[in-house]
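For reference, the structure discussed in these notes is given below.
Coordinate-derived values only; no laboratory data. Note that the structure is a prediction, hence the values are computed from the model and not measured. Glycine gets a Cβ as well: all are built from the backbone with ideal geometry, and neighbour counts include every protein chain shown.
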Amino acid sequence: MSSDTTSTSRALLAPLFPTTRHCADCAAAARKEGQTWWEYELERLPPLGRFDGQEFIPDFPALLMFDQFVISEEARDRIASSSAPWLGSWPALLDALQSHGRLEIHDFDRTWSTVQREATAWLDRDTGMPAAWEDSMEYHDNLMFNAHQALAPKSGRTRAVNWVFDPSVHPGVEGRDQHSHSLSLVLGGHFDDDAHRALVVVAHEALETQLREVNAIIAMSRRLNAAPLAWAPYANYFRAKLANDAANFARDSATEFFEISFPTYRPESVKEFIRLHRDKRVRALREEIVRAHATGDVFDPRYPQRVLEDVIRLQRRAGKKRHVVSWIATLVGLVPEPIVSVSSAVANEIASKVIDVRNERTHRWFYLISDGTGHS
């Protein structure tokens with residue numbers, strides 16, 4: 001499989017489980033008993049972002065890095081028809097994107113049928129080297145275990161899910177020896193005891209399921225010419241399979257930019273996201289986000305301070321220039337008419353606009369995220 005990525009201007013809002021995995025009848029029976037089968041509820045849905053204990057919060061910074069979005073018909077219909085409070089602002093977000101011509105809706109099942117053979121070939125190759133996926137599987141299982149603990153607790157109360165790897169958590173599967181084992185650690189092992197040999201089979205089956213999902217998403221994203229923006233547990237699989245993973249790079253860059261450097265200006269609502277997303281200066285913002293990530297500026301505590309100082313210095317300089325221009329403009333009436341044919345007010349307005357344009361070009365991305373004020 002080629003390692004090149006698809007267009008970074010389009011993002012595939014990839015589902016958690018791209019192919020049907022859970023039984024709808026069992027999910028309905030669970031609901032009758034007052035239980036929630038969270039894996040079924042999220043099946044075929046796009047990456048909804050972090051869960052604050054009550055609802056999902058879209059990953060607005062990551063979404064800001066793309067112009068167009070692709071979603072499945074099933075996911076769009078489920079989100080549009082649902083009144084579930086845990087969906088948060090996703091119905092409003094999809095409505096806004098669709099109304100502005102930024103959302104494309106596709107039949108994923110039909111798309112999958114056209115790429116299934118290719119994805120299956122990739123899967124056969126990937127499963128032939130199980131030890132290569134230990135880290136990716138560990139990362140996936142860790143995040144999914146944390147999500148399960150938060151979204152399906154025995155107490156019936158959910159808690160926050162930030163989709164962050166927790167090294168103190170070691171999800172395990174009980175073996176024939178009644179001990180808990182890590183499936184990712186037994187993937188490439190060769191064992192003599194029955195307990196481990198049985199677990200190797202279980203681990204390979206789990207790996208095959210996860211790789212099938214990843215390959216399905218990659219195959220569909222290439223057919224739709226969109227970078228795969230997937231759920232967090234799959235992240236390391238995409239990093240391993242794509243040498244230049246545009247979606248993960250964009251997500252990481254934007255997250256660092258708004259959480260480390262400029263948390264005050266992080267978009268937190270659909271209204272704020274759409275304001276930023278529709279502004280022409282968003283391209284300059286993306287360029288700065290990528291630059292700051294690539295150079296390491298995003299981790300420099302002085303970086304946001306330098307930006308603020310530059311903006312303030314430019315504003316002060318602009319103020320002084322306006323004062324000088326205003327003074328010169330008052331002399332217009334003393335100059336012979338054939339030489340100067342504009343009034344002092346017009347001259348002052350033109351000069352001020354020129355100064356504003358030059359300043360905005362320097363830090364136009366900052367004026368965008370700060371809602372035009374240029375200061376904190």
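Quick rundown of the values:
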{"read-out": "5 Å-binned pair-distance histogram of segment 120-213 (Cα, whole percent)", "value": "2, 13, 21, 20, 18, 14, 8, 3, 1"}
{"read-out": "Modelled label reach - GLU73, point 7 Å along Cα→Cβ, segment 105-135 residues with backbone N closer than 18 Å", "value": "105-116"}
{"read-out": "Directionally averaged shadow of segment 176-298, computed from the convex hull of its alpha-carbon atoms, nm²", "value": "11.3 nm²"}
{"read-out": "Rounded if a/c under 1.5, otherwise prolate or oblate - segment 1-142, Cα gyration tensor axes", "value": "oblate"}
{"read-out": "Isotropically averaged projected area of segment 230-306, using the convex hull of Cα atoms (one quarter of hull area), nm²", "value": "6.0 nm²"}
{"read-out": "In nm, spacing of pseudo-spin labels at ARG281 and GLU55 (7 Å Cα→C-beta vector)", "value": "2.9 nm"}
{"read-out": "Cα→Cβ-extended label distance, 7 Å offset, between ASP135 and ALA24, nm", "value": "4.1 nm"}
{"read-out": "Förster-model FRET efficiency, 35 Å R0, THR36 and ASP95, C-beta, rounded to 0.05", "value": "0.85"}
{"read-out": "Inter-site label distance for ALA121 and LYS271 at 7 Å from Cα along Cβ, in nm", "value": "5.2 nm"}
{"read-out": "Per-peptide average of other Cβ atoms within 10 Å, ordering 178-187, 231-240 highest first", "value": "231-240, 178-187"}
{"read-out": "Selection from THR127, PHE145, GLY101 lying farthest towards where the dipole of segment 99-189 points positive, charges on Cβ", "value": "GLY101"}
{"read-out": "Relative packing of 215-226, 191-202, 265-276, which averages over residues the other C-beta atoms within 10 Å, highest first", "value": "215-226, 265-276, 191-202"}
{"read-out": "Dimensions in Å of segment 11-50 - Rg and Dmax from alpha carbons", "value": "11.5, 38"}
